[in-house]
1. Could you list all residues from region 153-170 that are surrounded by 13 or more Cβ atoms within 10 Å (Cβ to Cβ), in contact with a strand residue (DSSP E or B) (Cβ under 6 Å, 6 or more places away or on another chain) and of a type outside the set (Asp, Glu)?
2. Go through (1) at pLDDT below 95; (2) over 30 Å from residue 214 (Cα atoms); (3) over 30 Å from the mean Cα position of the chain (by Cα) for residue 94 and report which single condition fails.
3. Would you say residue 173 is surrounded by 15 or more Cβ atoms within 10 Å (Cβ to Cβ), among the small types (Gly, Ala, Ser) and assigned by TED's automatic domain parsing to the domain that holds residue 104?
4. For region 25-64, what are the residues that are under 29 Å from the mean Cα position of the chain (by Cα), without any contact (Cβ under 8 Å) to a residue 40 or more places away in the chain, within 24 Å of residue 81 (Cα to Cα) and exposed (fewer than 12 other Cβ atoms within 10 Å of the Cβ)?
5. Could you tell me whether residue 100 is part of a loop (DSSP other than H, G, I, E, B) and either without any contact (Cβ under 8 Å) to a residue 60 or more places away in the chain or surrounded by 15 or more Cβ atoms within 10 Å (Cβ to Cβ) (or both)?
6. If a residue has to be of a type in the set (Lys, Arg) and surrounded by fewer than 12 Cβ atoms within 10 Å (Cβ to Cβ) to count, how many in region 109-122 make the cut?
7. Just for helices (runs of 4 or more DSSP H) wholly inside region 112-218: which have at least 2 residues that are more than 14 Å from residue 102 (Cβ to Cβ) and without any contact (Cβ under 8 Å) to a residue 60 or more places away in the chain?
8. Only one of these is modelled with pLDDT of 95 or more, assigned by TED's automatic domain parsing to the domain that holds residue 179 and closer than 30 Å to residue 143 by Cα: 103, 113. Name it.
Amino acid sequence: MPAVDGNVLRVLSRLRKDERDIAAAQVRKEIETELREVMPQRPGDFNQALMELGAMVCVPNGAPHCEKCPWEKLCSAHLEGCELSYPNKSAKKERVIEEKTVLILRDKELAALRKRPAKGLLAGMYEFPCLPGRLSREQVIDYLKKQGLSILRIESLPDSRHIFTHREWHMTGYAVRVDELAERKGDDGLIFVDQRAAKETYPIPSAYNAYKKFFLST
């Protein structure tokens, strides 16, 4: 099995003046397939030699030590004097920061959840009611009153953060006890579930781990 790490990708990119983006998973798979076709009888030695060539000679930072490379006269990038132009690697996308206010909304028996859209991030999963932005206690109270809810108690919860590949959630939370969820006004996709059955029936994504214990507590 070929060992394809950053060192190997760099060596092969320079050797062949390969324009493919080594940050792409598909390119890594293609190179693994290509190496498998030329793998000698002692693959371990081959893998080790190729990785060491990249780590010690065809180095990532600064000019490569081409005069020490056994492929100096075969390397396309070296022959054209463009070693530092390879490999081609796309820059990582910066994560989008999203501020959210998470509500653990309960009455005596029921708790509120919302089902996420069928497409996109965490598609079709259940989550706690969330409001965009980092809301203060007073803003949350004002919002809930407009929804027709009678607030008995509100408690601030710890801040939390969850990192996705291209997105980062910064969350603050409130545990809110209300008189009667069934009396609320409006329709924003909320469902009301028995807290005791929620854990098995409505799995909550790990992004909300910091708030699950408050949801499940009595």
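The values are calculated or read from the model by the stated rules, or taken from the named source; none is laboratory data. A quick note: this is a predicted structure, and the numbers were derived from the prediction, not measured. Positions of Cβ are generated from backbone atoms using ideal geometry, with glycine treated the same way; all protein chains shown enter the neighbour counts.
1. 154, 157, 160, 162, 167, 169, 170
2. Result: residue 94 fails condition (3) only.
3. Yes; evaluated as a whole, the condition is true for this residue.
4. Scanning region 25-64 gives a single hit, 61.
5. no
6. 1
7. Result: 137-146, 195-201.
8. Of the residues listed, the single one that is modelled with pLDDT of 95 or more, assigned by TED's automatic domain parsing to the domain that holds residue 179 and closer than 30 Å to residue 143 by Cα is 103.
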